[in-house]
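Heads up: the structure comes next, in structure tokens.
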Amino acid sequence: MKVAQKVPIDSLVSGKQIQDEKGLRIKTPSGEVSNVRVMGRVINIFTKPDKTYGCLSIDDETGIIQARFVGSDLKLMKKAKMGDLIELVGRLRTFEEILFLIPDGFSILEDINWALLRKLEFGDTDGGGVKNEILSFIRERQEVSIEEIEKGWEDHQNYINDLKFEGEIYEPKSGILRPVE
């Protein structure tokens, strides 16, 4: 079995796919990967009504990828809840040109510092001042459109993504932000 490599989701989604006798691999800035470790928030959970298939959508602030579960693996999927921070180990697959993961397992992470550590591992840092201003603005109003944020802050999208990832805010419908109570 190959060692799963820590990879940001955008490197998977934007990387070059290589399919040959060795299977599916993605060429990323850190090399070719086929087994990966991704960490992110569960932003969507779907289970087919006949309970034969399910998927989790995982967002790590750089991108979104699905982890697909079939058959008895659905028991594993039921551990996850919306908003959970998880670290998932899985194998890359495609179907109809859509990249997804077949999970080998995942852990629910209670400590937000794991997410911070992963960001630092990938070289992502933030001073926090602007992000805290945006969070205060959203908390004061309880519901804010992204257009309102655009008027006050130029480079707002990365900060909004950080706040979503950290579980401080959520987007109940497209373009609307609310604080987590």
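Only the coordinates and a few stated rules stand behind these numbers; no lab work does. On a predicted model such as this, the values are computed, not experimentally measured, just so you know.
Evaluated on region 126-179, the Kirkwood hydrodynamic radius is 10.8 Å, with distances taken between all distinct Cα atoms. Here region 1-25 and region 41-77 have alpha carbon centers that stand 19 Å from each other. Counting only aspartates and glutamates at least 8 places from residue 22 when in the same chain, those with an alpha carbon closer than 17 Å to its own are 32. The aspartates and glutamates within cross-link reach of residue 51, meaning a Cα-to-Cα straight distance under 16 Å and a gap of 8 or more places when in the same chain, are 73. Could you sort out which of 75/119; 75/173; 16/119; 16/164; 131/151 sit more than 18 Å apart by Cα distance in this structure? Over 18 Å apart, Cα to Cα: 75/119; 75/173; 16/119; 16/164. Once Rg and the Kirkwood radius are both taken over the C-alpha atoms of the chain, their ratio Rg/Rh works out to 0.99. The mean sequence distance of close C-alpha pairs (under 8 Å, at least 6 residues apart), as a share of the length of region 126-179, puts its relative contact order at 46 percent. Each Cα pair under 8 Å and six or more residues apart adds its sequence gap; the mean of these over the residue count of the chain is a relative contact order of 16 percent.
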